[in-house]
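For reference, the structure is listed below as structure tokens.
The values are calculated or read from the model by the stated rules, or taken from the named source; none is laboratory data. Remember, it's a predicted structure, so these values are computed and weren't measured experimentally. Please note: Cβ atoms are built from the backbone with ideal geometry, for glycine as well, and neighbour counts cover all protein chains shown. Quick note on the areas: whole protein, heavy atoms, side chains included, nothing else; ligands and nucleic acids left out. Shrake-Rupley method; radii C 1.70, N 1.55, O 1.52, S 1.80 Å.
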Amino acid sequence: MAQPDKKFFENLSGTGKAIAVLTSGGDAQGMNAAVRAVVRMGIYVGAKVYLVHEGYQGMVDGGHNIIEVSWESVSSILQVGGTVIGSARCKAFRSHEGRLQAAYNLIKCGITNLCVIGGDGSLTGANLFREEWSGLLEELVKGGKIERGTAQKYTHINIVGMVGSIDNDFCGTDMTIGTDSALHRIIEVVDAIMTTAQSHQRTFVLEVMGRHCGYLALVSALACGADWVFIPECPPQEGWEDQMCTKLSENRAQKKRLNIIIVSEGAIDTHNNPITSEKVKDLVVSCLGFDTRVTILGHVQRGGTPSAFDRILASRMGVEAVLALLEATPDTPACVVSLCGNQAVRLPLMECVQMTQEVQKAMDERRFEDAVRLRGRSFENNLNTYKLLSHKKSVSELPKSNFNVAVLNVGAPAAGMNGAVRSAVRVGITEGHKMFAVNDGFEGFAKGQIKEIQWGDVGGWTGQGGSLLGTKRTLPAKYLKQIADQIRTHNISALLIIGGFEAYESLLQLAEARAGHEAFCIPMCILPATISNNVPGTDFSIGADTALNAIMETCDRIKLSASGTKRRVFIIETMGGFCGYLANMGALASGADAAYVFEEPFDIRDLQANVEHLTEKMKTGIQRGLVLRNENCNENYTTDFIYQLYSEEGKGVFDCRKNVLGHMQQGGAPSPFDRNFGTKISAKAIQWISRKLKENYRQDEGRVFANAEDTVCLLGMHRRNLHFQPVVQLKAETDFEHRIPKEQWWLKMRPLMKILAKYKTSYDVSDSGQLEHVRRPRGQTDTGPI
């Protein structure tokens, strides 16, 4: 099939255009990364870029609030929380007179491109401003404030929005800027509270933010394995008080020393009456007499440094916003740049706002199922997964499948593996299977280190790093007979393997061994879990986000050290084998000057060009440098070689230091993303296994026989969706010598990293430019439920 013509942004010029960027409404971590990306991309394409301080208030007041900025103006803000250009609620902009004054202030600077970072209220205001624009200019002409020629020169204004809100309450995007960072703050607190709660056998009621959206409460409940969660979109059923108390007392009876209850600040019951954290506490104390404490997290959730996910998301969105402004025509509606799966998309702003308002309407009218659907598929999946994992049925209620499913970890440890195991075990038990845990990978499997694992055995696993089952890199090829014997001995009907490239290779070996060992003719699934993110068939692997955050946090500290000493360049080596994901995305998240990766060959001329680039940089106010190097990017240009080259070539201009990050990238508590991703895909994998077991059960023989390609699959996230892909089909996409996929999505992010570090480069924008429509949930029309 012929490849479509690629489209490069070099064809888009910002010359003669002026772009203004403002932040409005509540602040959110990552807003500064978005501002930085808009400013630098705007300057890169030749446009003038202005910062509007104090949101819409600054636009109305004008003067020193609207200032043209340079490349260096947004240096050192990537890692800062909140918004450095200020945000304010503005009554004046809600009035016609205020918007008239704002239009006049923009026209004075020649600004007709506006990038607004805020919530639904801020974006609605921007759209109204756009609709009124020509009328406002006519008024300014009649009032003698501007010439007729000026009005004709600036006939329309282009508006692009980015959603900055910790609440994740905007329909049309899977994640808003700031949400992941807020989850980091919540999980840090929950992990800390768990240790004190266990010491005293306490119950903790945690109240989290989110206004009328329960996303933060729901995902943090998933990520920490909370006993109960209250969210506005899904109020508890009548009689919830007794049900909750029964569950808490059952958990205590099973020797669980703590209970965690999470309450969203907008939580309500089915009659729309508020459920407060104090009310929940009083209920637990009066019914059960448990020592119960309330912790209200408050504005802690808005603070702190942005997570790696938010920095990368905001940088991608900022660049996409500038592209959208450059491509806009007078007929282009105001759009919002959003995230769908792993894809940046543009959606009509008012379609998103309308659906966001419909959610509140559905809740007001007590149509809670509609409210959940309108929140989007990400929210719905989270809720369904939480329900699956949290409500343990009694033995009499469970279906009986008579299938035994084994779970094992293979390869190097990755943060989030334990959460995935917990999810698999609990969903498997709910499906009626007997779940078996295999210790120490295929080595343990061959030795018979297999035991049944119960619901309570995996309590508290989500927050623990490493691999509690134990993991080995050993492949099954040399133990095939022993493993086949163990499968027969324990009557194993299906396998779930959680691991990295070794796990993928293991499944290929087991699939090939089916011809000689009938024991392997069972459904088998792999969940990618490796910090290297080098497994084919998926954009993300469990553990990679945690490692990325570890790299980013270290780089932040190193940058602070470098800014103190001045004129210093740090060379940092990251892990990843031959896969440059960690080096490249770590560089994007930490604002590095260069990243050397195996996938993009480089030579001595490139190294020399980087040294010259840093030499020029030292002449500006930013007198520090950061260079990341993937451990296997080049066998000759080692970390030591690059360090010595930079030291020699930079003599008299800058000095060098090197830092090998090593195994600290593999350790630590899993990030909220890894906990949530691992939990969700594991639940989905077990449901797939259940389907395959039913499809491949031979009634006459009383056993499972699965021999088709599609019964040995990898579950991965690709672009917008989760896909089960037969591992045999993935062979063609794999570079086995270097243990990486032949095509990797993140390579499209390399030009982004280079542009933001002021390198001239080519950027493929073939995926950009299409204005899509908001996908309405099934069973829903513009006028309400069918």
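Figures for the structure shown
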read-out	value
Selected residue (criterion: surrounded by the most Cβ atoms within 10 Å (Cβ to Cβ)) from residues of region 278-313 that are of a type in the set (S, T, Y) and either assigned to a strand (DSSP E or B) or within 18 Å of the chain's Cα centre (by Cα) (or both)	S307
Among residues of region 266-310, those that are among the charged types (D, E, K, R) and modelled with pLDDT under 95, counted	4
Condition met for P536 (in contact (Cβ under 8 Å) with a residue 40 or more places away in the chain and closer than 15 Å to L408 by Cβ)	no
In region 32-56, the residues that are over 21 Å from G16 (Cα atoms) and out of contact with any helix residue (DSSP H, G or I) (no Cβ under 7 Å at 6 or more places or on another chain)	N32, G55
Those residues of region 460-519 which are aromatic (F, W, Y) and out of contact with any helix residue (DSSP H, G or I) (no Cβ under 8 Å at 6 or more places or on another chain), in sequence order	F501
Flag if R366 is surrounded by fewer than 17 Cβ atoms within 10 Å (Cβ to Cβ) and not in a strand (DSSP E or B)	yes
I526 vs. criteria β-branched (V, I, T), assigned by the TED database to the domain that holds T462 and modelled with pLDDT of 95 or more	yes
Identity of the residue in region 31-43, within 21 Å of Q623 (Cα to Cα) and of a type outside the set (S, T, N, Q), that ends up most open to solvent (accessible area, probe 1.4 Å)	I43
Which numbered condition V427 fails, given (1) open to solvent by 10 Å² or more (accessible area, probe 1.4 Å); (2) β-branched (V, I, T); (3) in contact (Cβ under 8 Å) with a residue 40 or more places away in the chain	(1)
Count of region 56-70 residues which are surrounded by fewer than 16 Cβ atoms within 10 Å (Cβ to Cβ) and either assigned to a loop (DSSP other than H, G, I, E, B) or out of contact with any strand residue (DSSP E or B) (no Cβ under 8 Å at 6 or more places or on another chain) (or both)	3
Matching residues, region 681-702, being touching a residue at least 12 places away in the same chain (Cβ under 8 Å) and open to solvent by 70 Å² or more (accessible area, probe 1.4 Å)	K684
Wholly enclosed helices (runs of 4 or more DSSP H) of region 374-481 bearing at least 1 residues at pLDDT below 95 and out of contact with any strand residue (DSSP E or B) (no Cβ under 8 Å at 6 or more places or on another chain)	377-390, 417-430
Out of L22, L12, L106, sole residue that is open to solvent by 10 Å² or more (accessible area, probe 1.4 Å) and either in the same structural domain as A126 (by the TED database) or of a type outside the set (V, I, T) (or both)	L12
Candidates K754, K684, K748 - the one that is of a type outside the set (A, V, I, L, M, F, W, C), within 30 Å of R36 (Cβ to Cβ), touching a strand residue (DSSP E or B) at 6+ places or on another chain (Cβ under 7 Å) and not in a loop (DSSP other than H, G, I, E, B)	K748
Residue in region 407-415 that is under 23 Å from E505 (Cβ atoms) and out of contact with any Asp or Glu (no Cβ under 9 Å at 6 or more places or on another chain) present	yes
Selection count where residues are open to solvent by 10 Å² or more (accessible area, probe 1.4 Å), closer than 20 Å to D180 by Cα and of a type outside the set (G, A, S), scope region 216-245	1
Wholly enclosed helices (runs of 4 or more DSSP H) of region 547-662 bearing at least 3 residues open to solvent by less than 40 Å² (accessible area, probe 1.4 Å), in contact (Cβ under 8 Å) with a residue 24 or more places away in the chain and more than 29 Å from L313 (Cβ to Cβ)	604-617, 639-649
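Yes/no matrix, rows are residues, columns are (1) outside the structural domain of V458 (by the TED database); (2) at pLDDT below 95; (3) over 27 Å from A519 (Cα atoms):
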site: L661; (1), (2), (3): yes, yes, yes
site: A683; (1), (2), (3): no, no, no
site: I689; (1), (2), (3): no, no, no
site: K692; (1), (2), (3): no, no, no
site: E701; (1), (2), (3): no, yes, no
site: V712; (1), (2), (3): no, no, no
site: H718; (1), (2), (3): no, yes, yes
site: L722; (1), (2), (3): no, yes, yes
site: V727; (1), (2), (3): no, no, no
